[in-house]
Each structure stands twice: as C-alpha cells, then as structure tokens.
1. Of everything in the range 124-137 that's free of Cβ contacts under 8 Å to residues at least 12 places away in the same chain and part of a helix (DSSP H, G or I), which residue is farthest from Ser388 (Cα to Cα)?
2. Exactly one of these conditions fails for Lys277: (1) closer than 23 Å to Phe95 by Cβ; (2) modelled with pLDDT under 90; (3) more than 25 Å from the chain's Cα centre (by Cα). Give me its number.
3. Listed residues Tyr331, Tyr283, Tyr323; which is over 23 Å from the mean Cα position of the chain (by Cα) and modelled with pLDDT of 85 or more?
4. May I ask you to list the residues in the range 355-374 that are without any contact (Cβ under 8 Å) to a residue 12 or more places away in the chain and either out of contact with any helix residue (DSSP H, G or I) (no Cβ under 9 Å at 6 or more places or on another chain) or charged (D, E, K, R) (or both)?
5. Which ones in the range 138-149 are closer than 27 Å to Met399 by Cα, among the charged types (D, E, K, R) and not in a loop (DSSP other than H, G, I, E, B)?
6. Out of the helices (runs of 4 or more DSSP H) lying entirely within the range 150-269, which hold 3 or more residues that are at pLDDT 85 or above and within 21 Å of the chain's Cα centre (by Cα)?
7. Being in contact with an Asp or Glu (Cβ under 7 Å, 6 or more places away or on another chain) and basic (Lys, Arg) is the filter here, so list the residues in the range 294-342 that pass it.
8. Condition check: touching a strand residue (DSSP E or B) at 6+ places or on another chain (Cβ under 7 Å), surrounded by 19 or more Cβ atoms within 10 Å (Cβ to Cβ) and not hydrophobic (A, V, I, L, M, F, W, C). Does Lys365 satisfy that?
Amino acid sequence: MRFSNKSCGMWVAALMIVGGSVLSSCNKTPGYGRRTANKPGKKSATTGAEFSFEEDDTTQFFVARNAEQIPGPNLKFIQGGRAVLGSQEEDVMAFRDNLERTVTLANFYMDETEITNNDYREFLFDMKKKVSADSLLKLEPSEDVWGGALSFNDMYQSYYFRFPGFNFYPVAGVSWSQANTYAKWRTEYVQELIREDRGLDSSFSKSQLIERGVALADYRLPSEAEWEYAAKAMIGTQYLDENQEYGRIYPWDGRGVRNPYNVKRKGKQGDFLANFKRGRGDYGGISGGQRNDGEILPTNVYDMAPNDFGLYHMAGNMNEWVYDVYRPLTYQDADDLNPIRKDGYGDDMENYEVSIITDEMRVYKGGSWRDVTYWLAPGTRRFMHQDSATNHIGFRCAMISIGEPGK
C-alpha cells in the first residue's frame, strides 16, 4: 500500500498524539514520576511493587517518608561552602603552622554554646549508673586547675563546678579525652530518648533506625576546620552572588574587639564583644566602670552576642578542644575538602626535633578569659596533651549534616 505525503503526515501526527497520551498516563500513574526523599511515591520505580510505610510491617519493603535529619538539642545548622582558613593576623608567635589556604566544608551542626557545668553534671549523674566509682572519678573535671602557688582562687576550686550559681558557666578542667567520652555518651543518651519518643525498643539497631529516618548522627568534637569556619561565620559578609565584601579577623565585623555599631542585637557601640584579658593584670576593667567584657573569670555561656551562625563565645570565655591531632604542617598536608588530621599520617614525629609533637597532642582554639586579643582570632591554634586539663579550655560538640535540612 502506498501513502501520499499528506496521509503519512496524518499517520505520524496520530501516532504522536497516541504515544503522548500513553506516556502522559504513565507519568500520572500513582507511584511513578519524580522521586525525592520525602516523596518516594507509592510503588517501586524499577519493579512496580508497592511500598510499605508502616515501620513494623515485615511483609513488604519499608520506605521512610521522612528523611529529614534529627539534629538533636542545642545544635545550630552551619551551611558549608568554600572558605579561606588560616591566620589573617601577623604571626607574632612565629609558629608558621596555619598559613592561609582555600578549603570546602560540607554542611554540619554545632552547639550554640560551650558545654556548661550543668550539662557535664548531667553526664556524670547518668554515668554513675553505668560505671564503677573509680571510672566515674576519672571522668570528673579537675578542680585543681584553679589552684596556684602564688594565687588565691580557693573559692573556685570548691565552688565553680558544683555551686548552682555557676550552672550555666562553661565547664573547665576537662581533658580532650573526657570531652570525647562526653560526646559518645551524649549520642547514646539522646538516641535512646528518640527511640522512646518513637515507641521503638532497644532491639532496633542503629542501621535500622537510619533506614527509618529517625537516627541521630554522632555527637563529636568538631574538626579544626569546622570550628574555624563556624567561628568566622563569613555568611555575614556576603553581597551579590559569591562575593564577600571583606574578611574577618574575629568572629564579628570590624578590625577590633569593640562593637563598631550601635545596634540592639550586638549591644552598645564601643562594648567589648568577647570575654578576654585586656592587658597585663587587667581581666575585666575597673570597679564601677563598664566591665562589659563579661566577668573576670569565665562568664555565662549566653553572655555576649552570638556570631552570624548563632554561636556564642566563638572567641574568648573558654578555649575549646577540637578533634585534630596537632602537626605544624597540617595546613599543607590535609585534604582541601572537609580537612581533618586524625593522626600523624604524612607528617611523622620523626620530622621534628621536638619530642612533644606526638599523636596525643590535640589542638585547641578560640582564646579565653585569660588570653590576650591575639588568641581571639579563629585562625590561631595551640595544642596540649589529650589527657591534660586547664581552667581555660572547655569544649562544644558538632554533628555531620545528613543531606539537606528539610529536603
């Protein structure tokens, strides 16, 4: 049979209409179409089998409708991105261990405040049920850190950790090892509360909970890069597309430690923006004056204004432990995506004449109530043995972000 060009055109058009109708109807079939974590459809895209959305149904393949991460209490979301990390001040200590470099950080969460005395006592209260008296004693913060042969701080030795008036002051005298144990306990404790809230018993494994979209990622100490990125909070300096108007020496705008603005959120113009040592022998200014840099010692974790990520005291008040092992050349050795140093890989101890550079030396950041201005810059870094404790180092926890919040 022969067809004219006109009849061929009509047949092609008809086939296109029919084919389009078939495709359209397929796309509208329940269970098919574009899938997202929170909209998985009703059926499998590859087999056509129906999904189960009941957690206790063992007869059909279970798919969780809600894939939004449960971040846990006290955490602020930190949107990752490209950043220039490293010291932007003159290296007055001549350490040369944190030169500027460009890295990218994935999304994560971080505690909005330093861990308080109240938080840490809650930890000890629960651990008392689980470990021996000797093991519990090893988790207690050292109150001796307030002592000194030539100073009279006896009151703080007896009262700082236990007196209710200091409940929401940052815990002191905690080693890196103790802080790491706290983070592990907090993960298990909050995870159990989530199980109870969802009516799930302890027989559900962590992998099963993850599949159900109810799992909590681990609390942990932040990496040095995460901590520094969160402290600078450069989101407050952006304009237009990916341009940033200026850098930041501290976790706030301006080139100094006083408030350059007269805005309510950040206090009065001229106020100090951190709790730090203002000079030799000057921890808080004169009596009757404007002692607005907090207190002579650590201060309440909510004092001072938060940075643009909503984090308090990312400079001053307490130095903070981070996860990283210390090496002078980490800035050039570590990966440029989510950098961290878990051990001495690539920068062995044999490279240094100083025997103190070991895998037990951990980085701490941020400056404290007893540090001068130089150490308030997020790019500065120091280190101490992971089992040592002082009255000026505390910590806060972080957590990875699984996917995008609310997506």
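The values are calculated or read from the model by the stated rules, or taken from the named source; none is laboratory data. Quick caveat: nothing in here was measured; it's all calculated off a predicted structure. With ideal geometry, Cβ positions are generated from the backbone for all residues, glycine too; neighbour counts draw on all protein chains shown.
1. The selected residue is Phe125.
2. Failing condition for Lys277: (2).
3. Details: Tyr331 fails: over 23 Å from the mean Cα position of the chain (by Cα); Tyr323 fails: over 23 Å from the mean Cα position of the chain (by Cα).
So the residue among Tyr331, Tyr283, Tyr323 that is over 23 Å from the mean Cα position of the chain (by Cα) and modelled with pLDDT of 85 or more is Tyr283.
4. Ile356, the sole residue that qualifies.
5. Restricting attention to the range 138-149, the residues satisfying the condition of being closer than 27 Å to Met399 by Cα are 138-142.
Next, from what is left, pick out any that are among the charged types (D, E, K, R): 138, 140.
Across the range 138-149, the qualifying residue is only Lys138.
6. 176-198, 224-232
7. The answer is Arg327, Arg341.
8. Working: touching a strand residue (DSSP E or B) at 6+ places or on another chain (Cβ under 7 Å): yes; surrounded by 19 or more Cβ atoms within 10 Å (Cβ to Cβ): yes; not hydrophobic (A, V, I, L, M, F, W, C): yes.
Judged against the criteria, Lys365 is a match.
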